[in-house]
């Protein structure tokens with residue numbers, strides 16, 4: 001696989017150790033150089049007051065505009081509630097075979113569901129979502145293998161059932177790119 005570099009853009013506050021762990025997994029899964037950068041954008045224009053959520057389509061376009069030219073992949077990390085018009089909420093979104101993705105850990109924390117905080121579980125969930133969305137930028141579609149990180153996730157329980165990496169079929173497809 002001739003993998004371009006991956007840039008992780010953070011929009012909001014994320015602990016450095018948290019980001020370092022995500023970066024390590026992304027580096028391992030995609031065998032490439034990963035850079036983490038802070039980004040600053042006023043996302044208030046992307047807020048839908050009727051839904052009290054942020055428009056994922058618009059945020060994806062904004063991150064894509066920041067990404068610029070070249071063949072590098074970029075994922076924007078957020079901690080806001082995301083939606084697209086046809087879904088109640090999303091964990092992330094990507095341009096299939098494109099260069100840009102977004103992910104949010106807003107709905108991935110146990111506290112959202114009335115359970116005690118679990119930072120390790122939040123890290124696992126968010127890392128899986130980041131790998132999943134970046135997989136789409138490399139052209140991978142949703143996988144039917146129950147434990148593959150590329151399986152579609154509607155609920156956090158779906159994310160919990162997945163492993164943190166690609167199944168053998170998706171790994172082969174990724175390496176052929």
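Counting only DSSP beta bridges with both residues in the chain, the antiparallel share comes to about 30 percent. Modelled spin labels at residue 13 and residue 44, positioned 7 Å past Cα toward Cβ, are 1.9 nm from each other. Can you tell me which of 38, 160, 118 moves the most in a GNM of the chain? Springs connect C-alpha atoms under 10 Å apart. Ranking 38, 160, 118 by mean-square fluctuation puts 118 first. Rounded, prolate or oblate, given the Cα gyration tensor of segment 1-134, with a/c below 1.5 counting as rounded? Oblate shape, in that a/c is at least 1.5 and b/c is the bigger or equal ratio. In percent, rounded to a whole number, the relative contact order of the chain is 19, using alpha-carbon pairs under 8 Å and six or more apart. Compactness of segment 73-129, taken as the C-alpha radius of gyration over 2.2 N^0.38 Å, stands at 1.20.
Considering the chain as a Gaussian network with a 10 Å cut-off on Cα pairs, which listed residue, 114, 56, 17, attains the greatest mean-square fluctuation? In the Gaussian network model the winner is 114. Annotation: the residues 58, 150, sorted from fewest to most other C-beta atoms within 10 Å of their own C-beta, follow the order 58, 150. Compute the FRET efficiency between residue 27 and residue 51 as 1/(1 + (r/R0)^6), taking r as their Cβ-Cβ distance and R0 = 30 Å, and round to the nearest 0.05. Plugging the Cβ-Cβ distance into 1/(1 + (r/R0)^6) gives 0.25.
Laboratory data are not the source of any read-out in this text; all were calculated from the coordinates shown. The structure displayed is predicted, hence computed values, not measured ones. Virtual Cβ from ideal backbone geometry, glycine too; neighbours counted across all protein chains shown.
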